[in-house]
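The structure appears right after this line, and notes come after that.
The values are calculated or read from the model by the stated rules, or taken from the named source; none is laboratory data. Keep in mind the model is a prediction, meaning the values are calculated, not measured. Note: ideal-geometry Cβ built from the backbone for every residue, glycine included; neighbour counts use all protein chains shown. What goes into the accessible areas is simple: the full protein's heavy atoms, side chains included, and nothing from ligands, DNA or RNA. Shrake-Rupley method; radii C 1.70, N 1.55, O 1.52, S 1.80 Å.
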Amino acid sequence: MVLDPIQLRRQLRALRRELSVVKQRQAARTVADQITHWPVFVAARRIAGYWACDGELDPLSVLEQAWNSGKMVYLPVLAESPPQFLRFALYQPGTPLRRNRFHIPEPDVAPADWLKPTELDLVLMPLVAFDPTGTRLGMGGGFYDRSFAFLLDPGYCGCRPWLLGLGYAFQKVAALPRQPWDVPLDAAITERAFSVFEEKS
């Protein structure tokens, strides 16, 4: 049975917020331990994370391991042109931050230095829910779907970054509706399981 996205988003966001800090940290560490041994992570040079909000699983431990391994770490920034798209700014310890219109911290980096989504190797994506086919339910803004829409083009031959969803086990659901513009995940990870939905060469 396909679940109603609006109701599901409300329920799962509430469950995320109810998790204790201890459980959030334990889950984040478990997820980081799995990701950092994954061949895709090991090979990646440019990795995008996100600033965890609203109870999202925190990728900071993964990003710290990326820094320790000499990888470049980026965070999403809201682009003014094109509107409602994401670009990615270099993020290092000590990078100054500013809050965007949603009050989410972004690296205070000049737009000329932002990366396009096509320039990334691995993207860690927050989620509200995901299903066994890799369909992802986000916060409803569509920023990731618009920004990575090029991955839906069967004729696209450029860089195809891996899209890895991070969440808690209770965020995996039986089925989600997928619209033609929804960009599916390549893999998803929780504190209990690592699921790969599509193998890439």
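Among the candidates Arg146, Arg98, Arg160, single out the residue that is in a strand (DSSP E or B) and under 23 Å from Tyr74 (Cβ atoms).
Of the residues listed, the single one that is in a strand (DSSP E or B) and under 23 Å from Tyr74 (Cβ atoms) is Arg98.
Of the residues Ala52, Ala32, Ala44, only one is within 16 Å of the chain's Cα centre (by Cα) and within 14 Å of Leu127 (Cα to Cα); which?
Ala52
All but one of (1) part of a loop (DSSP other than H, G, I, E, B); (2) farther than 22 Å from Thr36 by Cα; (3) free of Cβ contacts under 8 Å to residues at least 40 places away in the same chain; (4) in contact with a helix residue (DSSP H, G or I) (Cβ under 7 Å, 6 or more places away or on another chain) hold for Pro177, so report the exception by its number.
Condition (3) is where Pro177 drops out.
Please enumerate the residues belonging to segment 90-123 that are within 18 Å of Gly70 (Cα to Cα) and surrounded by 20 or more Cβ atoms within 10 Å (Cβ to Cβ).
Passing the criteria: Tyr91, Leu120, Leu122, Val123.
Residue-wise test of (1) open to solvent by 80 Å² or more (accessible area, probe 1.4 Å); (2) out of contact with any Pro (no Cβ under 7 Å at 6 or more places or on another chain); (3) not in a loop (DSSP other than H, G, I, E, B).
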site	(1), (2), (3)
Arg9	no, yes, yes
Arg16	no, yes, yes
Ala27	no, yes, yes
Thr30	no, yes, yes
Asp33	yes, yes, yes
Val42	yes, yes, yes
Trp51	yes, no, no
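Scan segment 49-63 for residues that are touching a helix residue (DSSP H, G or I) at 6+ places or on another chain (Cβ under 8 Å) and not small (Gly, Ala, Ser) and report the count.
7
Filter segment 126-143 down to residues that are in a strand (DSSP E or B) and touching a Phe, Trp or Tyr at 6+ places or on another chain (Cβ under 8 Å), then give me how many there are.
Looking only at that region, the number is 3.
Against the conditions (1) touching a residue at least 60 places away in the same chain (Cβ under 8 Å); (2) crowded, with 19+ Cβ neighbours inside 10 Å; (3) among the β-branched types (Val, Ile, Thr); (4) farther than 19 Å from Ala28 by Cα, where does Val128 fall short? Just the number, please.
Val128 satisfies every listed condition except (4).
Is there a residue in segment 117-125 that is among the hydroxyl-bearing types (Ser, Thr, Tyr), in contact with a Gly (Cβ under 7 Å, 6 or more places away or on another chain) and not in a strand (DSSP E or B)?
Checking segment 117-125: at least one residue is among the hydroxyl-bearing types (Ser, Thr, Tyr), in contact with a Gly (Cβ under 7 Å, 6 or more places away or on another chain) and not in a strand (DSSP E or B).
Look through segment 79-103, keep the residues that are modelled with pLDDT of 95 or more and among the aliphatic types (A, V, I, L, M), and return whichever of them is farthest from the chain's Cα centre (by Cα).
Leu97
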